[in-house]
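Shown next, in structure tokens, is the structure this report addresses.
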Amino acid sequence: MTGRRRRDVRVAAPRATSTPRAPARRAVPRARAGRASPPVLPRIAVSLGDPSGVGAEVTAKALAALAGQLVPYVFGDARVLARELAGSGLPCVLAGAPLPPEGALVAVTRLPAGAVRPGRPDPRAGAAQLAALEAAFEAIRRGDADALTTAPVSKAQVARALPGFVGHTEWLEARCGVGRSVMMLAGEKLKVALVTNHVAFWKLRRALTPERIAETLALTHRALREDLGLARPRLALAALNPHAGEEGAFGAEETTLLAGALSRAARAGARAQGPFPADSVFFRAALGEFDAVVALYHDQGLIPVKLLDAVCADPAVNVTLGLPIVRTSPDHGVAYDIAGHGVANPASMIAALKLAARIAAVRAQAPRRWRR
């Protein structure tokens with residue numbers, strides 16, 4: 001690793017920035033007579049997340065699997081980059097230096113060796129995780145990258161450096177200046193969008209409003225149509241109560257709350273069916289009856305997605321809908337228990353990078369800003 005050595009991580013506090021524009025569309029080189037134009041590869045900024053987790057390992061494996069399909073810019077700690085990605089063949093640069101056109105490993109911080117031990121989280125790493133995310137986001141904002149893929153962070157550690165931090169999704173909402181985004185877990189067989197993300201269960205009912213549910217339906221419908229190319233998205237809404245309330249026997253929210261949200265979304269052009277009992281709607285979607293399901297809360301939606309991944313090898317991708325930038329992430333956490341053993345499965349990171357590249361390519365053909 002090149003560059004000056006620093007004993008401790010030194011990072012600047014996040015700066016307020018204007019809402020990022022969609023990355024500038026790059027001109028495709030003109031073909032010479034008798035020669036085809038070389039493809040313009042999507043440029044993906046990757047933040048490595050927790051240096052003690054599996055983020056760097058799955059990133060290294062994913063980049064090896066996708067060699068020649070994208071241009072990666074990997075932002076992380078210098079020691080972790082040297083340990084996990086030295087075999088990538090990418091040049092190493094310091095944060096703030098010009099980014100080489102072929103991709104690069106970007107050293108944002110240099111933590112003490114004791115703070116980057118696999119499987120042994122260190123509170124000093126919180127600021128470094130945030131700094132890597134900030135640097136990757138800045139690459140998007142400057143137009144140096146077309147999409148952002150984030151490896152898992154420790155929310156608790158980052159919150160020590162940035163009080164109030166609860167996750168990538170909410171952080172990106174604030175940095176992009178949007179009032180609301182939607183978390184979707186997207187696999188080949190099952191796609192699930194969430195009305196609420198990290199909300200305590202006892203606060204859930206108050207968080208579920210007709211406006212929020214309808215907005216989630218609308219954002220999901222738009223993303224399926226514009227980013228994933230589905231001309232007529234088939235959306236389903238999961239119910240809140242057992243058996244969808246059983247005509248009020250087990251709760252009235254299906255008629256007093258969800259029916260109104262469906263009508264509101266339909267008036268906005270986002271037609272959806274439901275509410276359907278949550279114990280069957282995900283299975284129906286996985287069999288092809290629906291293109292996506294809108295779930296009302298975190299575990300209602302993520303349990304079937306992760307079960308399908310484990311049983312049917314259908315890796316899901318966390319994609320944030322409603323942002324002016326493209327952001328994806330693998331659907332797993334830091335996995336301290338297997339970090340450093342070389343056994344982390346890169347399938348979800350591979351899928352995350354491929355989906356980021358796919359959406360970036362679609363948006364490059366029809367540049368626009370996501371505004372509601």
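Remarks
- Single residue of Asp337, Asp309 found to be in contact (Cβ under 8 Å) with a residue 12 or more places away in the chain, among the acidic types (Asp, Glu), buried (at least 17 other Cβ atoms within 10 Å of the Cβ) and not in a strand (DSSP E or B): Asp309
- Test: residue in region 41-50 that is more than 22 Å from Leu172 (Cβ to Cβ), among the hydrophobic types (A, V, I, L, M, F, W, C), part of a loop (DSSP other than H, G, I, E, B) and modelled with pLDDT under 85: no
So that you can scan it fast, the table gives a plain yes or no per residue for (1) buried (at least 24 other Cβ atoms within 10 Å of the Cβ); (2) of a type in the set (Lys, Arg); (3) modelled with pLDDT under 95:
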position	(1), (2), (3)
Lys61	no, yes, no
Leu70	no, no, no
Gly87	no, no, yes
Ala145	yes, no, no
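Results for (1) charged (D, E, K, R); (2) touching a Pro at 6+ places or on another chain (Cβ under 7 Å), shown as yes or no for each residue.
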site: Glu173; (1), (2): yes, no
site: Gly177; (1), (2): no, no
site: Thr196; (1), (2): no, no
site: Arg205; (1), (2): yes, no
site: Leu208; (1), (2): no, no
site: Leu217; (1), (2): no, no
site: His221; (1), (2): no, yes
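- Residue check for Val80: among the aliphatic types (A, V, I, L, M), free of Cβ contacts under 8 Å to residues at least 40 places away in the same chain, surrounded by 23 or more Cβ atoms within 10 Å (Cβ to Cβ) and under 24 Å from Asp144 (Cβ atoms): yes
- Close Cβ contacts (under 8 Å, 6 or more residues apart or on different chains) running from residues in region 340-365 that are at negative phi to residues that are in a helix (DSSP H, G or I) and surrounded by fewer than 21 Cβ atoms within 10 Å (Cβ to Cβ) comprise Ala344/Lys61; Pro346/Lys61; Pro346/Ala65; Met349/Lys61; Ile350/Lys61; Ile350/Ala65; Val362/Glu226.
- Candidate set: region 266-282, residues that are surrounded by 14 or more Cβ atoms within 10 Å (Cβ to Cβ) and either on the phi > 0 side of the Ramachandran plot or assigned to a strand (DSSP E or B) (or both); chosen: the one nearest to the chain's Cα centre (by Cα): Ala272
- Qualifying residue in region 230-237 (condition: more than 24 Å from Ala316 (Cα to Cα) and not aromatic (Phe, Trp, Tyr)): no
- Of Ala356, Ala360, Ala292, Ala285, all but one fail to be closer than 20 Å to Arg225 by Cβ, buried (at least 22 other Cβ atoms within 10 Å of the Cβ) and either charged (D, E, K, R) or touching a His at 6+ places or on another chain (Cβ under 9 Å) (or both); the exception is Ala292.
A quick yes/no check of all residues on (1) of a type outside the set (D, E, K, R); (2) within 23 Å of Asn318 (Cβ to Cβ):
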| position | (1), (2) |
| --- | --- |
| Phe75 | yes, yes |
| Arg83 | no, no |
| Ala107 | yes, no |
| Ala115 | yes, no |
| Arg141 | no, yes |
| Thr149 | yes, yes |
| Gln157 | yes, yes |
| Ala161 | yes, yes |
| Arg175 | no, yes |
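- Candidates are the residues of region 220-255 that are among the small types (Gly, Ala, Ser), surrounded by 17 or more Cβ atoms within 10 Å (Cβ to Cβ) and not in a helix (DSSP H, G or I); the one that is farthest from the chain's Cα centre (by Cα) is Gly251.
- All positions within region 157-198 that are part of a loop (DSSP other than H, G, I, E, B) and in contact with a Ser or Thr (Cβ under 7 Å, 6 or more places away or on another chain): Gly177, Ser181, Val195, Asn197
The values are calculated or read from the model by the stated rules, or taken from the named source; none is laboratory data. Please read these numbers as outputs of a predicted model, since none were measured by experiment. Backbone-built Cβ (ideal geometry, glycine too); neighbour counts: all protein chains shown.
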